[in-house]
Amino acid sequence: MSLLSEYSGPALSISGLKKVYDNGHVALKGINLEVSQGDFFALLGPNGAGKSTTLGIVSGLVNKTEGKVSLFGKDIDGDIYGAKRLLGVVPQEFNFNQFEKVQDIVVTQAGYYGIPVKKARVLSEKYLKALGLWEKRGVPSRMLSGGMKRRLMIARALVHEPKLLILDEPTAGVDIELRQSMWVYLQALNEELGTTIILTTHYLEEAESLCNNIAIINEGDIVKNTSMRELLQELHKQTLLVELTRDYPERPCMESLELVWQDDHCFEVAVEKGTAINDLFEVFNKAGISVSGIGPKSNRLETLFVDMVRK
Ligand SMILES: Nc1ncnc2c1ncn2[C@@H]1O[C@H](COP(=O)(O)OP(=O)(O)O)[C@@H](O)[C@H]1O
Ligand SMILES: [Mg+2]
């Protein structure tokens, strides 16, 4: 893989990506995103946020309206043959031939990458076994359960041993037990082989168990792009709006808390969830700040997650 040995930049880089569908619907409003090589990355968002559109554009299944996308430093509008070879895609919808047999589907896919049949059969065995489908190799794919079909899509995406694996809602229709084993498998792939993995999900817990870095997409915009650890810390905090009895033009600071002043009369402060408001009054009073009221500030992420759960 000479392409990779020379290249140490991001696996995926997206800038100003916009998508307007033919019916005028604006699915992506100009997003920027970067995924490092070796990362396990989640694109999290509610249904209709633009996750599949994003991955569809990256994998060449959907045309973009504006913006730039590069895979391993190669612009997808240019000569990307080499980069495409490094990419494996598991789309959200099953898109294999329902009448073709399981192993044939995987071997046929290898053929698209110019892998000779003999080697393709060896690789298909490796990945069908890894995904618990070897016993089903001679069965027409329509006979598989939903979870098995999903795993067949993964085996097919891995047969040419890509450096970047993209999965769109990989656990949709997969029962809990299989979901766990799929997670373990994907984690090993990421940790042991260093395969970069990007998945979309509308479950925070899924992203939380698997991913190092995360972008949250809502209504075609990236509303957050951070590490999973930082996101979780943020979710454990609550932002309060603190009103004061008089103006404080000198805008005092505190050692223990970071005050974000909105004007001379009011600041925001992030505290651990469950902190008693009465205690806070006292803390501010001791610091010489006279408080008239403390109330919750509506948290954009919180509202978004509540919406996600409702949908
Ligand atoms: N082919 C299409 N034509 C028109 N609108 C579409 C098409 N595909 C998706 N959309 C719309 O674009 C938005 C984003 O869709 P999608 O990327 O599938 O979201 P997600 O994968 O996050 O659920 C949604 O409002 C969806 O209805
Ligand atoms: Mg989708």
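The values are calculated or read from the model by the stated rules, or taken from the named source; none is laboratory data. Predicted model only: the values in this text are computed from it and were never measured. Quick reminder, even Gly has a Cβ in these numbers, built from the backbone with ideal geometry, and neighbours come from all protein chains shown.
Residue by residue, here is whether (1) surrounded by fewer than 15 Cβ atoms within 10 Å (Cβ to Cβ); (2) under 15 Å from the mean Cα position of the chain (by Cα) holds:
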position	(1), (2)
THR53	no, yes
GLU66	yes, no
ALA83	no, no
PHE94	no, no
LYS119	yes, no
TYR127	no, no
ALA130	no, no
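Check whether at least one residue in the range 223-235 is touching a Lys or Arg at 6+ places or on another chain (Cβ under 9 Å), closer than 25 Å to ASP168 by Cα and of a type in the set (Lys, Arg), and report yes or no. There is at least one residue in the range 223-235 that is touching a Lys or Arg at 6+ places or on another chain (Cβ under 9 Å), closer than 25 Å to ASP168 by Cα and of a type in the set (Lys, Arg). Tallying residues that are more than 8 Å from ligand 1 (Cβ to nearest atom), among the charged types (D, E, K, R) and in contact with a Leu (Cβ under 7 Å, 6 or more places away or on another chain) within the range 35-64 yields 1. Listed by position, the strands (runs of 3 or more DSSP E) contained in the range 37-92 that have at least 1 residues being basic (Lys, Arg) are 66-71.
Residue count for the range 4-33 under the criterion of being in contact with a strand residue (DSSP E or B) (Cβ under 7 Å, 6 or more places away or on another chain) and outside any strand (DSSP E or B): the result is 3. One residue stands out among those in the range 151-179 that are touching a residue at least 60 places away in the same chain (Cβ under 8 Å) and part of a helix (DSSP H, G or I): the one that is nearest to ligand 1 (Cβ to nearest atom), which is MET153. What about GLU243, is it surrounded by 12 or more Cβ atoms within 10 Å (Cβ to Cβ), of a type in the set (Asp, Glu) and not assigned by TED's automatic domain parsing to the domain that holds PHE40? Yes; evaluated as a whole, the condition is true for this residue.
The condition (being surrounded by 15 or more Cβ atoms within 10 Å (Cβ to Cβ) and out of contact with any Pro (no Cβ under 8 Å at 6 or more places or on another chain)) is satisfied by just one residue among LEU167, LEU193: LEU167. Checking ILE80, ILE105, ILE115 one by one, the residue that is more than 16 Å from ligand 2 (Cβ to nearest atom) and more than 30 Å from ILE14 (Cα to Cα) is ILE105 and no other. Scanning the range 158-181 for residues that are within 16 Å of ligand 2 (Cβ to nearest atom), among the hydrophobic types (A, V, I, L, M, F, W, C) and modelled with pLDDT under 90 yields ALA172, VAL174. No other residue among SER13, SER70, SER52, SER8 is closer than 28 Å to GLU191 by Cβ, of a type in the set (S, T, N, Q), in contact (Cβ under 8 Å) with a residue 12 or more places away in the chain and within 16 Å of ligand 2 (Cβ to nearest atom) apart from SER52. Scanning the range 65-77 for residues that are charged (D, E, K, R) and more than 16 Å from ligand 1 (Cβ to nearest atom) yields LYS68, LYS74, ASP75, ASP77. Take THR239 and decide whether it is out of contact with any strand residue (DSSP E or B) (no Cβ under 6 Å at 6 or more places or on another chain) and polar (S, T, N, Q). Considered against the rule, which asks whether it is out of contact with any strand residue (DSSP E or B) (no Cβ under 6 Å at 6 or more places or on another chain) and polar (S, T, N, Q), THR239 comes out as no.
Scoring ALA155 on the criteria (1) modelled with pLDDT under 95; (2) crowded, with 21+ Cβ neighbours inside 10 Å; (3) small (Gly, Ala, Ser) leaves a single failure, condition (1).
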